Every structure is written in structure tokens, then in C-alpha cells.
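**Q** Let me give you the structure first, and then I'll get to my questions.
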Amino acid sequence: MDSHGCSNGVREEEIDVVAMAVTVVVVNTMGDKESSSRDMLTRLRQRRALLQSVAEAPDCEATCEAIVQLCVAVTSGVFPRQTPRWWIKRRTGGTWEDLRLRDDVTDEYFQQKLRMSTAMFNHIVAACAAYMEKKVTHYRMPLPVEQLIAFALYRWASGETYESGTSAFDIGRATGLQVVRDVTSTLLQEYPDAIKWPMGRRRAQILRAFREKGFPNCFGAIDCTHTYIDKPIGAPSENYYDRKQKFSVQAQVVVDLDLRILDVHVGYPGSVHDVRVLHNSQLFRRAESGELFDATPENLPHGVVTRGYLLGDNGYPVACPWIVSPYGGIDQGADEERFDTRQKVARGCVERAFGRLKCMWRLFLRTHKTNLETLPQQFVVVCTLHIYPPGRGHRLRREPSVGGGCEWRSA
């Protein structure tokens, strides 16, 4: 557009081109933003007036002035802008509000805060919605299921206190306590057999993997871990005082080489020895009855014939025929030392599983104040989520029961 065109007015074609270009820019910068019907109607009227002023400008000066007004309107929020680049994140004030956005960084934010992708989160919400939806009454609207499940996952993933977590999700502390209870019971009800003893093809894969490590007919590795808690109220605290001079709750877990949890028994106080936890678990009763280890008999050195066993540390009794422990000691022969090294390497999968589980779900890594009645169930739920890690294409699904692999004990 030259100086002559600016003084005597612009052609109609040029005005149309400018109006079209401005419209394209505005439409590309507009984002979805929830608001009331009245606010939305006001914004639409403002946008229509600004675009009309550009299209109907009589000369160059009026066109430039209309474009300047339009740019001011864009920066003032009349035309809400989307996140322009992936490294710029839009913040709304609160973890839940940030999770509700659907930006190009939302999935990464879900991984960081909830330890799962948006697809897996939506799958869990869809499966649990029928159990957790509240009836709409004449009082205030119930909280959405997405917010309830997100808060419970955030609580387990971050390990924050209820005061801090509920503030980030704009709910009350009493509501947060009840939400964790509801989500825990719902997930246990919806996926009762997620943790189970391997059968069929999965069992064959586990046996083949341990055979390659030098342990034929091995089904997994067993060990106990401690979940540290504050001094319990209303329970004999000396029972929960463990050997590390901390208050804790015991959890016995069996895992395979892929760090998948096959069995969990949780709830005994921290002062209880691993052997006592084993003897009082369902795993022990099923193993003694011959229900678990039913593989093809395998001939081992020294004339030993076995149909299956687990790898354990020196804390388990040597007399237990289905737990293989290292020799231990100082004066070892070459064969014993070689066996102990290979056994510790293969058994290391259970230690890595504990490390990964507690680093993902940090509530069980730190000392925290908890309810001893619901802590075992929460640990089982976290073990269920641990089986289906984010980013590997797994999806929680219901499968027919084969005897169950999780057990908890209330205080």
C-alpha cells in the first residue's frame, strides 16, 4: 500500500485482504476457555465489533487504528491465547486446574504429578465412575470423579500432607481423607485380581527367564520392606518400633525379573520378623499345600528334585523347602561363593522393585501420618498401579480370578 493509497483511501480488495489476515490470526490464537454464558456472549460481541471495525475501515489510518485496538484486545484477554510453545506452560493457580488443561504439555504434567499418562488416567476414571459418582441434590454440586481420583493419585505420588494436597486441589481436608478411602476401595473392587500368581504363558516366561539366570523352576524372589509411619495413636506403639528404631509397617512382596508383583502381604507391625510374616501369609499356606509350585520336576545338584521355589535372603529359614537362600558366612568355597553371587544377582529384582515402587509413590518412601486401617489397602493399590507402569502401553483390565495374590491385615 503506497502513500497515495493511504491519503485517498484504500481499495476494497486491500481491506478484504487485511480483514481476512487479521481474522486468521485471531482464530489461530483463540483457545478454549470455560466461562459462564453471559461472559461468553460479551466476548463474542467484543470480537465481532473489533473484526467489523477492521473490515469497514474507510482509509489506511482507520484500518491501522482498528488493528491496534484489536492487538490491545488480544493482549487484554478478550481473545484468550493458547500456549504458544511447548516450553511455555499456562498456569491457572492450583494442581487440579493445571491438570484440567489440555495443552501440548498436559501429558508430561500428568506423568510428573500422577505417575501415569492421560490415556491411562482416563481409563481408570471410566472404570471407576460407576462406583464413585455422587447423586446431584439441591445442595452444592458434587466433585467430579476425575478430581477425586486425581487427588488420591497425587497424594500417593507426592507424599504431601493432607493440608497441602487438599489446598492444591481446592477441597477440604475431611473431604480429602474420605476421597482416599473411596478411591482405594473402588480400585480394589474394580481390579481385584490384578495381583495374582502367574499362570499359563506368563508362568512359562518367568520360568524361562530365571532358568537363563541359572535357577531352573524358580518362580520369583521374595523379601519384606518397611513403610515408615508416625507413632501410631490408639495402638501399642512398641509393636511398630522396628530394628532401625523407627515406626513402620511390614510388607512381604514376591516379584519376577520384570519387576512385576506376583504376591503381596502387608499389615504386620515393623517389629515382626520376616519369618513370622511369611508363616502368617496366604502365600505360605498355598505353598505348603502344593498349590503354587506345580512345574515339571527338575533335577538339581546334590540329588535335589524341585517343582518350584522362590529366592530369598538369609532372613528366611533354610528348612523351608521352597525358599532358596544364600550360603552366607565368611569361609566359603569357590562353588558356594559362585552360587551366592548368582543368587544375589537374581534376587536383586525384588530390591529394584522396592526402589522403583517407592520412588514413584513417595508416600511410602517417607515417614508420614496415616490410618493403620487403610494403609495396607493403599499399599496394595499402589502395587496394582506398579504392575502397569506409564509409557509401556499397559492398561488395567479385569481378569478371571485364579486364587488371588494380595492380602492385607488390619491393625
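The values are calculated or read from the model by the stated rules, or taken from the named source; none is laboratory data. Everything numeric in this text was worked out from a predicted model, so none of it was measured. FYI the Cβ positions are ideal-geometry reconstructions off the backbone, even for glycines, and counts take in every protein chain you see. We work out accessible area using only protein heavy atoms, side chains counted, and drop any ligands, DNA or RNA first. Shrake-Rupley method; radii C 1.70, N 1.55, O 1.52, S 1.80 Å.
**Q** Once the Cβ-Cβ distance between Asn239 and Ala130 is put in as r, and R0 is 35 Å, what FRET efficiency do you end up with, to the nearest 0.05?
**A** On the way: r = 39 Å, r/R0 = 1.12.
Between Asn239 and Ala130 the formula returns 0.35.
**Q** Once you order the gyration tensor axes a ≥ b ≥ c over the Cα atoms, which shape class does segment 190-243 get: rounded for a/c under 1.5, otherwise prolate or oblate by comparing a/b with b/c? Before the final figure, lay out each step's value.
**A** Numbers: a/c = 5.25, a/b = 2.14, b/c = 2.45.
Oblate.
**Q** Would you please classify the overall shape of segment 95-191 from the alpha carbon gyration tensor, given that a ≥ b ≥ c denote the square roots of the eigenvalues, rounded means a/c under 1.5, and beyond that prolate means a/b larger than b/c while oblate covers the rest? Walk me through the intermediate numbers first.
**A** Values: a/c = 1.38, a/b = 1.21, b/c = 1.14.
Rounded is the answer for segment 95-191, as its axis ratio a/c remains below 1.5.
**Q** Under the classification rounded if a/c is under 1.5, otherwise prolate if a/b is larger than b/c and oblate if not, where does segment 200-387 fall, given a ≥ b ≥ c as square roots of the Cα gyration tensor eigenvalues? Provide the component values of the computation, followed by the final result.
**A** On the way: a/c = 1.95, a/b = 1.67, b/c = 1.17.
Because a/c hits 1.5 or more and a/b exceeds b/c, segment 200-387 counts as prolate.
**Q** Just the number please: accessible area per residue for segment 153-303, 1.4 Å probe, all protein chains included, in Å².
**A** Numbers: 6820 Å² over 151 residues.
Using a 1.4 Å probe on heavy atoms only, each residue of segment 153-303 averages 45 Å².
**Q** Report the calculated FRET efficiency for Tyr109 and Asp294 (r = Cβ-Cβ distance, R0 = 45 Å), to the nearest 0.05.
**A** Working: r = 46 Å, r/R0 = 1.02.
Here the calculated transfer efficiency is 0.45.
**Q** Which whole-Hz couplings ³J(HN,Hα) result when phi for each residue of segment 144-161 is put into the Karplus expression 6.51 cos²θ - 1.76 cosθ + 1.60, θ = phi - 60°, listed in order with x for Gly and Pro?
**A** x, 4, 4, 5, 5, 5, 5, 5, 4, 5, 5, 4, 6, 6, 8, x, 6, 5
**Q** Another question, then. From the phi of every residue in segment 295-302, what ³J(HN,Hα) in whole Hz does the Karplus formula 6.51 cos²θ - 1.76 cosθ + 1.60 yield, where θ is phi - 60° and glycine or proline is x?
**A** 6, 5, x, 10, 8, 9, x, 6
**Q** Filter the cross-link list Lys244/Lys369; Lys134/Lys358; Lys246/Lys358; Lys196/Lys244 down to pairs whose alpha-carbon distance in this structure exceeds 28 Å. Kindly include the intermediate steps, with their values, before the conclusion.
**A** On the way: Lys244/Lys369 18 Å; Lys134/Lys358 32 Å; Lys246/Lys358 17 Å; Lys196/Lys244 31 Å.
Correct reply: Lys134/Lys358; Lys196/Lys244.
**Q** Can I ask one more? Using a simple charge model, +1 on the beta-carbon of Lys and Arg, -1 on the beta-carbon of Asp and Glu, nothing else, what dipole does segment 200-387 show about its Cα centre, in debye to the nearest 20?
**A** Result for segment 200-387 is approximately 700 debye, rounded to the nearest 20.
**Q** What's the local net charge at Ser164, with K and R +1, D and E -1, over the other residues with C-beta under 15 Å away? Write out the running numbers ahead of the final one.
**A** Numbers: positive: Lys113, Arg155, Arg173, Arg362, Arg366, Lys369; negative: Glu160, Glu163, Asp170.
With Lys, Arg at +1 and Asp, Glu at -1, the neighbours total +3.
**Q** Next up: Applying 1/(1 + (r/R0)^6) with R0 = 30 Å to the Cβ-Cβ distance of Glu351 and Glu97, what FRET efficiency is obtained, to the nearest 0.05?
**A** On the way: r = 39 Å, r/R0 = 1.29.
FRET efficiency, Glu351 to Glu97: 0.20.
**Q** Mind ordering 156-168, 371-383 by average Cβ neighbours within 10 Å, highest first? Kindly include the intermediate steps, with their values, before the conclusion.
**A** Working: 156-168: 17.5, 371-383: 21.8.
Highest mean packing first, the order is 371-383, 156-168.
**Q** Carbon and sulfur together cover what percent of the accessible area of segment 95-191 at a 1.4 Å probe radius?
**A** On the way: 2390 of 4800 Å².
Here carbon and sulfur together make up 50 percent of the probe-accessible area.
**Q** Here's a follow-up. Using a 1.4 Å probe over the heavy atoms of the protein chains, calculate the carbon and sulfur portion of the accessible area of segment 200-387 as a whole percent.
**A** Details: 4380 of 8910 Å².
Summing carbon and sulfur atoms, their accessible area is 49 percent of the total for segment 200-387.
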